[in-house]
Amino acid sequence: HFEEKRQTIRYMLQLIKEYGNATKDDPLFEKACRKMLPFSYAEYHDFLLDKEQYKTWIELQTLLGFSLNEMDSYVLKDIEKSEPGVLLPLYVKSVQDEIGMKTRENYKMAVRYLKRIKAQYKKLKKEEAWENYIQHLSEEHKRLRAFKEELKKGKLIHD
């Protein structure tokens, strides 16, 4: 039944988009997408990326429970290039989630995200904030030996 609802919503959104364009009512399509979530996810996703409303796009991903590894890496790279720093909250949350799973593979993934965080802080010229963050994270999880090892392998800390 989900797919039937999805097809109906897709058709309705096409009509709403055409109507909005004809009447110059730009917010109409966005409002309709919001009201019809989760069935309008694909259309709303594309709309937000086209309009470069990245903060709203991130909120949508979070609302629907998508993790970073489920998101298109090309989209993430484009967002990082056009608006450095906007993805930081999403990366920080993902790091905490990965550490919380307490397996070496999750620690490796956390380190991968930490490297992206470091690059974002460097672009923003906030290296001191990065140093404070990694220092706090290392101290907070000092009992997780495998995590510490992965941080060292990733050259994020030096002990």
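The values are calculated or read from the model by the stated rules, or taken from the named source; none is laboratory data. Computed from a predicted structure; not experimentally measured. Methodologically, a virtual Cβ is constructed for each residue, glycine included, from the backbone with ideal geometry; neighbour enumeration extends over all protein chains shown. Just the protein is used for accessible areas: all its heavy atoms, side chains included, with ligands, DNA and RNA removed. Shrake-Rupley method; radii C 1.70, N 1.55, O 1.52, S 1.80 Å.
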Once both label points are put 7 Å beyond Cα along the C-beta direction, the THR23-ASP72 separation in nm becomes 3.0
Ignoring everything but the protein chains, give the 1.4 Å probe accessible area of ARG34 in square angstrom, nearest 10. 130
LYS126: which aspartates and glutamates have alpha carbons under 17 Å from its alpha carbon, excluding same-chain residues fewer than 8 sequence positions away? GLU80, GLU83
Å² of accessible area per residue within the chain, as computed with a 1.4 Å probe and no ligands counted: 66
Straight-line reach from LYS125: which lysines have a Cα under 19 Å away, not including same-chain ones fewer than 8 places off? LYS77, LYS81, LYS115
Nearest-10 value in Å² for the accessible area of GLU140, using the 1.4 Å probe: 100
Projected onto the charge dipole of the chain (unit charges on the beta-carbon of Lys, Arg, Asp and Glu, signs +1, +1, -1, -1), the Cα from THR23, MET12, ALA119 with the largest positive-side position is that of ALA119
Expected-Rg normalisation [2.2 N^0.38 Å, Cα atoms] applied to the chain: 1.30
Specify the inter-centroid distance of the range 1-36 and the range 106-159, based on alpha-carbon positions, in whole Å. 43
For LEU124 paired with LYS93, estimate the spin-label separation in nm (one decimal), with each label point 7 Å from Cα along the Cα-to-Cβ line. 1.6
Virtual spin-label span in nm between LYS142 and MET12, 7 Å along Cα→Cβ: 5.6
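Summing +1 for each Lys or Arg and -1 for each Asp or Glu, what net charge is found among the other residues whose Cβ lies under 14 Å from the Cβ of TYR54?
-4
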Assuming 0.36 nm per residue, please report the length gained on full extension of the stretch THR103 to GLU4 beyond their Cα-Cα distance. 31.6 nm
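Rounded to the nearest percent, how much of the accessible area of the chain (1.4 Å probe, protein heavy atoms only) is carbon and sulfur? Could you put the intermediate results ahead of the total?
Working: 5360 of 10450 Å².
Using a 1.4 Å probe with all protein chains present, the chain comes out at 51 percent carbon and sulfur.
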What number comes out for the charge environment of LYS153, summing +1 per Lys or Arg and -1 per Asp or Glu over other residues with Cβ under 11 Å away? +3
Can you check what the net charge comes to around ILE79, using other residues whose Cβ is under 12 Å from the Cβ of ILE79 (Lys, Arg +1; Asp, Glu -1)? -1
For the range 65-140, what does the relative contact order come out to in percent, with C-alpha contacts under 8 Å and a separation of six or more? 25
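With charges set only on the Cβ (+1 for Lys and Arg, -1 for Asp and Glu), what does the dipole of the chain come to about its Cα centre, in debye to the nearest 20?
Working: 31 positive and 27 negative charges, 139 e Å.
The calculated dipole for the chain is roughly 660 debye.
Under the definition of Cα pairs under 8 Å and six or more residues apart, what whole-number percent is the relative contact order of the range 2-140? Could the numbers behind the result be given before it?
Numbers: 86 pairs, mean separation 18.5, N = 139.
Normalised by residue count, the contact order of the range 2-140 is 13 percent.
Any of LYS55/LYS122; LYS31/LYS122; LYS17/LYS118; LYS51/LYS123 with alpha carbons more than 30 Å apart? Name them for me.
Among LYS55/LYS122; LYS31/LYS122; LYS17/LYS118; LYS51/LYS123, the Cα-Cα distance tops 30 Å for LYS31/LYS122; LYS17/LYS118.
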